[in-house]
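Q: One structure is given below, represented as structure tokens, and several questions about it will come after.
Readers should treat all values here as calculations from the given coordinates under stated rules, not as data from a laboratory. Everything numeric here is computed off the predicted structure, so don't read it as measured data. All Cβ positions, even for glycine, are placed from backbone atoms using ideal geometry, and neighbour counts span all protein chains on display.
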Amino acid sequence: MKHFVYLIICFYNKRLISYVGYTNDIKKRLKLHNSSKGAKFTRGRKWKIIYKKSYNSKSEAMKNEYLLKKNKKKRFEIKKRIFSFYNQEIKEASNDYKIIDNYILLASICVLEYKKTKNLKYINVLLKLNDTICSQINIISENNTSFLCFFALKSELDYILDLIKKNGIN
């Protein structure tokens, strides 16, 4: 039997939040999270899986779940690695969403992290993500994702204008 460690994400209270878990049935577990029957932290929110890794033993999976839960930098690196490819023909990843939505979610995470830390690496990643998003603007549906898209693009512009002003660039 396969055992999985997974990372799910959602937009809640104007913030992107993530949750790491362990299961032996990914589809069933996501269904439980989205029907408010999963972990207490995940109740009342709609989640999307953005990462999963299989293990041959339960103990190995649970050990790696613990490590991923404690290491926020590693979680960010996983998110970054997942979205590091650039493809003009972004294909549907499942029946639930398109990969472009994940680019938008990660761009929103970068906005929030830059706002919190003022670390320019988040702006760098945001610029690249927004470039990809803009190249696929015609496939973005009008739902929460379009709001997040606007949020990421507008925030990028605001941050860049602020940096220009602070550095006296004309």
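Q: Which log10 I(q)/I(0) values, to two decimals, does segment 94-170 give at q = 0.18 Å⁻¹ under the Debye formula with one point per Cα?
A: Reported log10 I(q)/I(0), two decimals: -0.69.
Q: How high is the FRET efficiency from LYS166 to LYS128, r the C-beta distance, R0 25 Å, rounded to 0.05?
A: 0.70
Q: While we're on this one: Going by how many other beta carbons lie within 10 Å of each one, how would you line up CYS10, CYS110, CYS149, CYS134, fewest first?
A: If I rank by nearby Cβ atoms, fewest first, I get CYS134, CYS10, CYS149, CYS110.
Q: May I have the count of lysine pairs in segment 94-170 with C-alpha atoms under 21 Å apart, counting pairs 8 or more residues apart or located on different chains?
A: Value for segment 94-170: 19.
Q: Mind checking which of TYR55, HIS33, LEU67 is farthest towards the positive end of segment 27-79's charge dipole, using Cβ charges of +1 (Lys, Arg) and -1 (Asp, Glu) about the Cα centre?
A: HIS33
Q: Excluding same-chain residues fewer than 8 positions from LYS2, which lysines have a Cα within less than 19 Å of its Cα?
A: Partners found: LYS27, LYS28, LYS31, LYS52, LYS53, LYS58, LYS63.
Q: Here is a follow-up. Going from the alpha-carbon gyration tensor of segment 12-63, what semi-axes, largest first and in whole Å, does one get by taking the root of 5 times each eigenvalue?
A: In descending order, the three semi-axes are 22, 12, 9 Å.
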